[in-house]
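For reference, the structure discussed in these notes is given below.
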Amino acid sequence: MLYRAFLFLWTLGTTLIASAAPVTPTRGTIEKHLDSSIEVYGNYAPVKLPIDSGVPLWNPGAIRGNERGDIFVANYVGQVFQIEDTDGDGLEDSAVLFCEVSNDGLRYPTAIACDGDDLYVATAQEIRVYEDRDRDGKAEKSRTLVRFPFSKDTQDWTLGLCFGTDGFLYASLSTDSYNPEPAPDPAKWRGSILRISRDGKVVERFVTGVRFAPGLAFNSKGELFFSDNEGGGNPFEELNLAREGKFYGHNPGKFGVQESISPLLRLSTARGVCNITFSSATNMFGGGAELFVAFWGIGGVAGDGAIAKVTLNSDADLGLAPREVPFARIPKAYDLTFSPSGDLYVSSFGSSPANLTPSATPTGAIYRIIPAPWFTPSQRTPPVNKVVRGNALHGRALFQERGCAQCHSMDGATELLGPNLAHLGSLMDFNSALREITEPSHSIRSGFETHTFQMRDGEAYTGRIVSSDANMVEMMVGGNEKVRLERDKVSTHSRSPISLMPENLLTGMKGQDLNDLFAFMEVREQPEGVRWRYRIAGILMVIGVLGLTGIFLNKAVCSAD
């Protein structure tokens with residue numbers, strides 16, 4: 001009798017374990033959902049998850065997995081959900097709501113972190129902990145961990161949530177230096193990476209002087225790495241090694257002029273560095289020393305975005321000697337995480353209006369990059385970034401003659417009315433750079449928006465905000481002049497969607513002149529694959545025109561007969 005009971009329980013247990021085990025998708029299933037528009041350099045299959053039920057994907061951003069293999073995603077509009085495989089083919093096809101932050105009066109969940117049955121969700125106002133102790137996939141209750149200074153500005157973000165080996169939670173708060181009406185911040189949390197105890201009672205600055213640092217990740221040695229965006233004292237898209245108590249260069253007016261820590265690596269795969277994550281030593285993505293980096297791409301270009309792989313080799317003389325190589329081209333890559341199975345999940349944000357407000361309609365995707373030795377990519381290695389061919393010396397003269405130098409520096413340090421353009425060309429191809437000049441308002445970089453302050457004495461100042469606090473606004477206006485405005489003397493403030501950069505700057509410029517200008521700015525050539533698509537399209541257009549001409553002539557001859 002006991003033997004039969006034991007056999008029954010053993011069979012029941014193994015059945016339950018088998019039913020709970022994740023299903024590995026077959027080659028046929030993977031091939032069915034491959035996204036041919038995604039380039040991955042290596043034997044990795046880019047699968048666009050067929051999520052067609054449950055919560056609609058609406059600017060999916062933060063994505064994280066827990067130790068059980070559950071994958072959580074946060075829509076920028078407020079829902080946090082798990083993705084599930086409901087048809088048993090091994091690919092997630094449904095988004096099941098876990099919590100809705102707007103129900104708690106919160107906006108824009110921008111980062112998440114898993115801790116057992118708790119999910120930590122970062123918003124502009126606070127970090128909130130959502131609990132699912134019965135493990136039914138829905139949060140039963142929630143609590144505030146810590147509140148932050150925040151304003152109505154859409155870019156008051158809390159980013160990069162992750163737990164350290166010391167048991168503390170780490171998060172970065174975006175800078176308020178460009179905020180026209182920043183919230184009071186006496187503890188100087190904004191523009192810092194914070195270390196927070198699990199009960200929220202201890203909050204301390206770990207490093208200062210960060211701009212928009214979306215990605216934080218610890219390696220196996222317990223070292224904290226973080227990404228940061230170019231601009232406002234950061235000459236590059238950056239990867240940094242966090243050293244406690246140090247200053248990283250942004251907004252010295254807030255944190256005081258002090259020695260700045262240089263970036264560990266200038267990132268060059270694309271613009272708009274986003275989140276980062278380390279691979280596992282056991283997966284097929286290169287081992288634990290490989291750091292994967294997501295890039296948003298050029299702001300107003302929906303198809304731009306990428307992932308890079310950074311190898312952090314140790315050198316006896318140089319310490320860390322990082323090396324960056326492009327890994328994939330994925331539009332608007334926001335966040336990425338590895339599952340216990342060893343696959344890489346990537347959130348693709350989709351389109352959004354200006355100032356990073358949510359899209360009016362659902363948009364975005366979730367990709368699962370699966371190691372597939374049988375998969376042959378269209379391009380095994382990333383394209384070589386060749387600079388546009390032209391006379392760079394003549395391009396330098398054109399840069400002066402066309403007035404570019406009046407608003408832009410190329411020295412990698414000086415910021416005038418417009419952004420510093422050093423190294424920018426290496427992140428942009430010909431067509432992207434051309435659009436930046438001919439349509440300057442389609443994508444305005446954060447910190448270079450057009451602001452107008454009307455003073456009580458009748459004076460008006462239009463330009464960009466250099467720094468800002470509760471008492472003063474410092475602006476850069478025409479002629480690269482800095483002016484300081486006292487807030488109690490400001491009558492009204494407005495922000496314009498029109499760029500400070502004028503249009504029609506290329507009027508009358510010959511094609512070779514443009515090549516020369518771009519050669520000086522080190523703008524990349526259009527990728528070969530894109531060039532061939534344009535060539536094929538042109539050939540097809542010519543064939544079409546000839547075909548229509550033939551039909552017309554044939555009809556004319558028939559009519560004459």
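The values are calculated or read from the model by the stated rules, or taken from the named source; none is laboratory data. Remember, predicted model here, so these are calculated numbers, not experimental data. Here Cβ is always computed from backbone atoms with ideal geometry, including for glycine, and neighbour counts include all displayed protein chains. Remember, those area values only see protein heavy atoms, side chains included, never the ligands or the DNA or RNA. Shrake-Rupley method; radii C 1.70, N 1.55, O 1.52, S 1.80 Å.
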* Computed label-point distance, nm, for sites residue 405 and residue 378 using a 7 Å Cα→Cβ extension -> 4.2 nm
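Report the relative contact order of the range 185-299, percent, no decimals, based on alpha-carbon pairs under 8 angstrom and at least 6 residues apart. Don't jump to the answer; show the numbers that get you there.
Numbers: 245 pairs, mean separation 24.6, N = 115.
Averaging sequence separation for qualifying contacts and normalising by length gives 21 percent for the range 185-299.
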* Residue farthest toward the positive end of the dipole of the chain, with Cβ of Lys/Arg at +1 and Asp/Glu at -1: which of 269, 430, 97? -> 430
* Listed residue (479, 506, 493) projecting farthest to the positive dipole end of the range 459-522, Cβ model -> 493
* P(r), alpha carbons of the chain - 20 Å bins starting at zero, rounded % -> 19, 51, 24, 5, 1, 0
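In debye, nearest 20, what is the charge dipole magnitude of the chain about its Cα centre with +1 on Lys and Arg Cβ and -1 on Asp and Glu Cβ, if you could check?
Working: 53 positive and 66 negative charges, 107 e Å.
Dipole magnitude for the chain comes out near 520 debye.
In square angstrom, what is the accessible area per residue of the chain with a 1.4 angstrom probe?
Values: 26160 Å² over 561 residues.
Per-residue accessible area for the chain comes out at 47 Å².
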* Using 0.36 nm per residue, how much length does the chain from residue 359 to residue 490 gain when fully extended, once their Cα-Cα distance is taken away? -> 43.9 nm
* What FRET efficiency do you get for residue 431 and residue 52 if R0 is 35 Å and r is their Cβ-Cβ distance, rounded to the nearest 0.05? -> 0.60
* trypsin sites (Lys or Arg not before Pro) restricted to DSSP loop in the range 110-170 with at most 12 other C-beta within 10 Å -> 133, 135, 152
* Amide N proximity, the range 356-389 versus residue 325 label position 7 Å along Cα-to-Cβ, cut-off under 19 Å -> 369-386
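How big is the dipole moment of the range 65-138 about its Cα centre under a simple scheme where the beta carbon of each Lys and Arg is +1, that of each Asp and Glu is -1, and everything else is neutral? Debye, nearest 20, please. It would help to have the intermediate numbers written out before the result.
On the way: 6 positive and 18 negative charges, 89 e Å.
With Lys and Arg at +1 and Asp and Glu at -1, about 420 debye.
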* Asked: Counting pairs of alpha carbon atoms under 8 Å apart in space and at least six apart in sequence, what relative contact order in percent does the chain give?
  -> 12 percent
* **For the range 74-89, Karplus couplings with θ = phi - 60° (6.51, -1.76, 1.60), whole Hz, Gly/Pro x** => 10, 6, 4, 7, x, 7, 10, 9, 9, 9, 9, 9, 9, 9, x, 8
* Which of the chymotrypsin sites (Phe, Trp or Tyr not before Pro) found in the range 330-437 are in a DSSP loop and have at most 14 neighbouring Cβ atoms, other than their own, within 10 Å? -> 374
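Do any of 201/221; 152/254; 254/482 go past 22 Å between their Cα atoms, and which?
Working: 201/221 26 Å; 152/254 20 Å; 254/482 17 Å.
Over 22 Å Cα-Cα: 201/221.
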* Structure fact -> Subtracting the Cα-Cα distance of residue 147 and residue 68 from 0.36 nm times their residue separation yields 25.5 nm
* Dipole magnitude of the range 353-451, debye to nearest 20 (Cβ charges: Lys/Arg +1, Asp/Glu -1, about Cα centre) -> 440 debye
* **Added length on full extension, which subtracts the Cα-Cα distance from 0.36 nm per residue, residue 482 to residue 452** => 9.4 nm
* Asked: Among all the aspartates and glutamates, which ones have a C-alpha under 17 Å from residue 188's C-alpha, if same-chain residues fewer than 8 places away are not counted?
  -> 126, 156, 176, 204, 244, 469
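At a 1.4 Å probe radius, carbon and sulfur cover how many percent of the accessible area of the chain?
On the way: 14390 of 26160 Å².
The C+S portion of the solvent-accessible surface of the chain is 55 percent.
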